[in-house]
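The block underneath contains the structure these notes are about, expressed in structure tokens.
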Amino acid sequence: MRILLYRSDGNTAPWADDFARHLPGAECVTWSEGDKPPPCDYAVVWAPPEAMLRELAEVKAVFLMGAGADAILKHGSALPAHVPLVRLGDAGMGVQMGEYVVHAVLRHYRRFDQYEDQAAVGEWRALVTHDRATFTVGVMGAGALGRRVLDCLRPFGFPLQAWSRSEKDIDGVRCFAGNEGLDAFLRSTRVVVCMLPLTDTTANILNRANLGKLPHGAYVINVARGAHVSEPDLLAYIRSGHIAGATLDVFRNEPLPRQHPFWDEPRITITPHISALTLRDESVRQIAGKIGQLERGEPVADVINRELGY
Ligand code: NAP
Ligand code: GLV
């Protein structure tokens, strides 16, 4: 069996080592621009260029080294429609998302962000605590990662709600669905956590109109994709005080350019797209398991629905 590896950062060697352990007998080859790859059974890729996708008509499946398929689907039909595209399903990312979001929610709830500012000027002053009963955390996207985040938030006793495309019934979580549920979800959400895939329907969803529906003093956490948020509108709402602040892990342009105004806004906390890193060993084990299922003619989980875009 031959597996074609590609990463936009070029760092495929450790992936080949892990495949040698988890799928002994498989030969890994790498692709570089201008290459005509040898015939391969599978491709395992992250952010491949359009030219590479055109070479993959004969593979049995393309596996992604991450959860989001937007970086490959943006190339439209370059990857032939008959080739299954399989993303990572959690693979160790859920627990990381849980840690990140719980930290961001508690930091704001317990006002540690404000205490950091006070400490910087030597100010000793207890602040009024937020009311837990009205500190509603709303997660946009109740998929593999969104549900894991809801589980991690549950012990703290905040009212929890979720918004998804299809109807859900999640223990202890008020569920909203579809376009018709979005308005009520946003108007009742105090801390919004974006965990949606980036698709034609979710791009720019946290725009001026929708951010404006959040209650005064709301907080924004984005761990999905930068293109979900209208950056100038978020900044304007933070400056006006309508939104108290934001913790942002993802941006329209990454790395976030040094001159971007977010860097100078103290109420915005920035991290460099690290909320859930791909764990290579766990990911290779998952992909190797799925290859085994495909070889036996069994169905695999996490196949991207190209119509829906996730
Ligand atoms: P997933 O399992 O596919 O879940 C996606 C969720 O979004 C589902 O609940 C889905 O609704 C909902 N959704 C999709 N389109 C919608 C729409 N138009 N309206 C309302 N809800 C919609 O995805 P996941 O594994 O949880 O990952 C989510 C995203 O996280 C990825 O796509 C990726 O972009 C991002 N991510 C970021 C990082 C990072 O480090 N920052 C790391 C990993 C992943 P249904 O349940 O009804 O289908
Ligand atoms: C990372 O952003 C991923 O989608 O896995």
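Looking at the stretch 122-155, which of its residues are open to solvent by 70 Å² or more (accessible area, probe 1.4 Å) and either in contact with a Pro (Cβ under 9 Å, 6 or more places away or on another chain) or not in a loop (DSSP other than H, G, I, E, B) (or both)?
R132, A133, T134, R147, R148, D151, R154, P155 - these are the residues of the stretch 122-155 that are open to solvent by 70 Å² or more (accessible area, probe 1.4 Å) and either in contact with a Pro (Cβ under 9 Å, 6 or more places away or on another chain) or not in a loop (DSSP other than H, G, I, E, B) (or both).
Would you check which residues across the stretch 21-43 are in a loop (DSSP other than H, G, I, E, B), open to solvent by 80 Å² or more (accessible area, probe 1.4 Å) and acidic (D, E) and list them?
E33 - this is the single residue of the stretch 21-43 that is in a loop (DSSP other than H, G, I, E, B), open to solvent by 80 Å² or more (accessible area, probe 1.4 Å) and acidic (D, E).
So, A119, is that one without any contact (Cβ under 8 Å) to a residue 12 or more places away in the chain, out of contact with any strand residue (DSSP E or B) (no Cβ under 8 Å at 6 or more places or on another chain) and either part of a strand (DSSP E or B) or not acidic (D, E) (or both) or not? Reasoning before the result, please.
On the way: without any contact (Cβ under 8 Å) to a residue 12 or more places away in the chain: yes; out of contact with any strand residue (DSSP E or B) (no Cβ under 8 Å at 6 or more places or on another chain): yes; either part of a strand (DSSP E or B) or not acidic (D, E) (or both): yes.
Yes, satisfied.
Within the set of pairs 6 or more residues apart or between chains, which connect a residue that is more than 14 Å from L56 (Cα to Cα) inside the stretch 15-34 to a residue that is basic (K, R) with Cβ atoms less than 6 Å apart?
D18/R280; H22/R285; E27/R2
Select from the stretch 173-212 the residues that are β-branched (V, I, T) and within 16 Å of ligand 2 (Cβ to nearest atom) and write down the one among them that is nearest to the chain's Cα centre (by Cα). Write out each step before concluding.
As a first pass, look at the stretch 173-212 and keep what is β-branched (V, I, T): 173, 189, 191-193, 199, 201-202, 205.
Keeping just the survivors that are within 16 Å of ligand 2 (Cβ to nearest atom) gives 193, 199, 202.
Values: V193: 11, T199: 12, T202: 12 Å.
Restricting to residues being β-branched (V, I, T) and within 16 Å of ligand 2 (Cβ to nearest atom), the top hit is V193.
Look at P299 and say whether it is under 18 Å from the mean Cα position of the chain (by Cα) and over 20 Å from A104 (Cα atoms).
Details: under 18 Å from the mean Cα position of the chain (by Cα): no; over 20 Å from A104 (Cα atoms): yes.
Here the answer is no, as P299 does not meet what is asked.
From the residues in the stretch 54-74 that are more than 19 Å from the chain's Cα centre (by Cα) and assigned to a loop (DSSP other than H, G, I, E, B), which one is nearest to ligand 2 (Cβ to nearest atom)? Full working, then the answer.
We begin by selecting, within the stretch 54-74, every residue more than 19 Å from the chain's Cα centre (by Cα); these are 54-62.
Filter once more, keeping what is assigned to a loop (DSSP other than H, G, I, E, B): 57-60.
Working: A57: 25, E58: 26, V59: 21, K60: 22 Å.
Of everything passing the filter in the stretch 54-74, V59 is nearest to ligand 2 (Cβ to nearest atom).
If you scan the stretch 75-104, which residues turn out to be away from ligand 1 (no atom under 16 Å from the Cβ) and either of a type in the set (V, I, T) or within 16 Å of the chain's Cα centre (by Cα) (or both)?
Across the stretch 75-104, the qualifying residue is only V83.
The values are calculated or read from the model by the stated rules, or taken from the named source; none is laboratory data. For clarity, every value in this text was computed on a predicted model and none was experimentally measured. Note that each Cβ is placed from the backbone with ideal geometry, even for glycine, and that neighbours are counted across all protein chains shown. Keep in mind that these areas ignore ligands, DNA and RNA; they rest on the heavy atoms of the full protein, side chains included. Shrake-Rupley method; radii C 1.70, N 1.55, O 1.52, S 1.80 Å.
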